[in-house]
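Chemist: Just passing along the structure, written as C-alpha cells.
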Amino acid sequence: MATHEIGHALGFTSGVDVLDINSPPVNGPFNDNQFTFVNSLDLFRYSADSLAQGAIDWTADTRAKYLSFDGGTTSIGALATGSNFGDGQQASHWQDSPNFITNPELGIMNPTFSRGQLGIITENDLRGFDVIGWNRVNATVATQVPEPSNIIGTLMFAGFGAKMVLKRRQKLAKSF
C-alpha cells in the first residue's frame, strides 16, 4: 500500500481528477478552461478521439484513455477515467481490470489496490514513471549489492578492535 501512495507522491497523478470532482452537477459550475491542473502524467494521456485530433485527452468522461509516450500511437496501459463522470475510479491510476484471472492488473498504481494485497511493480509502472520524468536504473546494476573493499573491511575491524581495547581499559581503571 505504501508503494502505491509513494507512486502518487512521485507524480503518478492526474489533473483530470480535479476537473472530474469540480465539474457540474456534482460540485460546481466550472468549465474545462477554468482548470490548469494538468500534471506531467496528463501530457501523455490519450484516447482514440484525441489521437485523431493530435492532442492529449484531458477530459472526465467514460471514453477509454491510455498512456502513450509516442504521441498516442502506442498504448502503454489503460488509464482510469474519473470518479464522478468516468469509470468510477480516480484518473490518477491504471484502469482497473474487471477480470483479474483473464486480464491481470497493470501494476502497483491499480485504483483498487488495498491493505494485505501483494503489490507488484510491473513494466507498465516503470514505463509510466519513466514517461513522467523518473530515470530507470539498469536492473542488473540495481539487483547487485556491492561488497565492501578490503580496506574498508580492515578499517572497520580495526575500529571495533580499538573500541574493545578502550572499553577494557576503562573497566580495569574503574576496578582500581
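No lab work stands behind these numbers, since they all come straight from the coordinates. The structure presented is a predicted model; accordingly, all values stated were derived computationally and were not measured. Methodologically, a virtual Cβ is constructed for each residue, glycine included, from the backbone with ideal geometry; neighbour enumeration extends over all protein chains shown.
Chemist: Which order do Met164, Met109 fall in if you start with the one that has the fewest other Cβ atoms within 10 Å?
Modeler: Values: Met164 10, Met109 26.
Listing Met164, Met109 from fewest to most nearby Cβ atoms yields Met164, Met109.
Chemist: Going Cα to Cα from Lys163, which lysines come in below 18 Å? Please leave out same-chain ones fewer than 8 positions away.
Modeler: Lys171, Lys174
Chemist: Could you give the nm distance between label points at Phe37 and Ile151, where each point is 7 Å from its Cα heading toward the beta carbon?
Modeler: 5.4
Chemist: What is the order of Ser40, Ser92, fewest Cβ neighbours within 10 Å to most? Don't skip to the answer; put the middle values down first.
Modeler: Numbers: Ser40 15, Ser92 22.
The order, fewest Cβ neighbours first, is Ser40, Ser92.
Chemist: Multiplying the sequence separation of Leu172 and His8 by 0.36 nm and subtracting their Cα-Cα distance, what value in nm do you get? Write out the running numbers ahead of the final one.
Modeler: Working: separation 164, 0.36 × 164 = 59.04 nm, distance 5.74 nm.
This chain segment gains 53.3 nm when fully extended.
Chemist: In what order do Lys163, Lys65 fall by count of nearby beta-carbon atoms within 10 Å, going from fewest to most?
Modeler: Listing Lys163, Lys65 from fewest to most nearby Cβ atoms yields Lys163, Lys65.
Chemist: Going by amide H atoms built from the backbone, whose H comes under 5 Å of the H on Leu79, apart from near neighbours?
Modeler: HN-HN under 5 Å from Leu79: Lys65, Tyr66, Leu67, Gln95.
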